[in-house]
Amino acid sequence: MSLLTVDELTVTFGGRGRKETRAVDGVSFAVDQGQVVGLVGESGCGKSVTSLAVMGLLPHKGVTLGGRAVFDGTDLFTMNPSARRDLRGSEMAMIFQDPLSSLNPVVPVGVQVTEILERHRGMKGEAARKEAAHLLDRVGIPDPTRRLKEYPHQLSGGMRQRALIAMAVACAPRMLIADEPTTALDVTIQAQILELLKELVDQEGTALLMITHDLGVVAGLCDEVNVLYAGKVVESAGRRELF
């Protein structure tokens, strides 16, 4: 049985007096433990909305969800909000697309990383700070103890992206969703971040859902690929067959 199974997912945006728009229209795919599955398509095809629906991060008002998203035998859409919050960050985590807008600009990076450790791993004080520094070091940020005291704007784009990855892997989640984690990074940093994600999958057996429109990333990383167009999956295949 797959770790995550998404079955006929639909996401419709609309509201009082507004025409309804179906952003995701019957999307189905599955991700196994230790597998990398790609969601590929042009901007606006529904990739990010699919991932936000699975994570439970879409707004409650004006959004209608249909279908099922089953994680380890539990339907995420029928879970109570409190249990969903406990799951998010510990068992399932997401690396967001734009690190500058995803990180809180007025809170030091260290506080943002330790918050996850305190919330999900019950760590406190010096132990949490040491673990946060270890996580930054693990994702390749130099001088991690100093970086913990810095604010997001003091880090380069590549470092901010690494900090987001450190936050996502802080609790060794079984399922990781990466929403275009290499956009706006130069080629060398991009390669390093992809290598880091590959290591996580190989060493920890993490299931990875990779969202991208870069076919080079797909060729180097994904086992299975789902191509989205206008909110629908128009093609599903293994990497070799797809290319």
Task: Distance histogram in 5 Å bins (all Cα pairs of segment 101-170, percent per bin) - done: 3, 20, 35, 26, 13, 3, 0
Task: Most mobile of Thr21, Thr114, Thr206 in a GNM of the chain (Cα contacts under 10 Å) - done: Thr21
Open item on the list: Using 0.36 nm times the number of residues separating Arg119 and Glu235, minus their current alpha carbon distance, what extension gain do you get?
Closed with: 37.8 nm
Open item on the list: Around Gln35, under 10 Å between beta carbons, what's the net of Lys plus Arg minus Asp minus Glu among the other residues?
Closed with: -3
TODO: Please work out the FRET efficiency for the pair Ser28 and Met79, using the Cβ-Cβ distance as r and a Förster radius of 25 Å; give the result to the nearest 0.05.
DONE: 0.80
Open item on the list: Sequence gap at least 6, Cα distance under 8 Å: using those rules, report the relative contact order of the chain to the nearest whole percent.
Closed with: 29 percent
Task: Tensor-based shape of segment 1-109 (alpha-carbon gyration tensor, a/c under 1.5 rounded, otherwise prolate or oblate) - done: rounded
Open item on the list: Given bins 10 angstrom wide, list per bin the percent of all Cα-Cα distances in the chain, short to long.
Closed with: 7, 31, 36, 21, 5, 0
TODO: Would you please put 185-198, 32-45, 54-67 in order of how densely packed they are, using the mean number of other Cβ atoms within 10 angstrom per residue and starting with the highest?
DONE: 32-45, 185-198, 54-67
Open item on the list: If the only charges are +1 at each Lys and Arg Cβ and -1 at each Asp and Glu Cβ, what is the size of the charge dipole of the chain around the Cα centre, to the nearest 20 debye?
Closed with: 900 debye
Task: Likely footprinting exposure, Cys171, Cys222, fewest C-beta neighbours within 10 Å first - done: Cys171, Cys222
- [ ] Compute the signed sum of charges (Lys and Arg +1, Asp and Glu -1) over the other residues within less than 11 Å, Cβ to Cβ, of Ile211.
- [x] -2
- [ ] Report, largest value first, the span of the C-alpha coordinates of segment 73-117 along each principal axis, in whole Å.
- [x] 36, 22, 14
Task: Surrounding net charge for Gln97, when Lys and Arg each add one and Asp and Glu each subtract one, Cβ distance under 11 Å - done: -2
Open item on the list: I'd like the FRET efficiency for Leu100 and Lys198, computed as 1/(1 + (r/R0)^6) with the beta carbon distance as r and R0 of 25 Å, rounded to 0.05.
Closed with: 0.50
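None of the figures in this text is laboratory data; all of them are computed from the coordinates on show. Predicted, not measured: the structure shown is a model, and the values here were computed from it. Because the Cβ atoms are built from the backbone with ideal geometry, glycine has one as well, and the counts that use them run over all protein chains shown.
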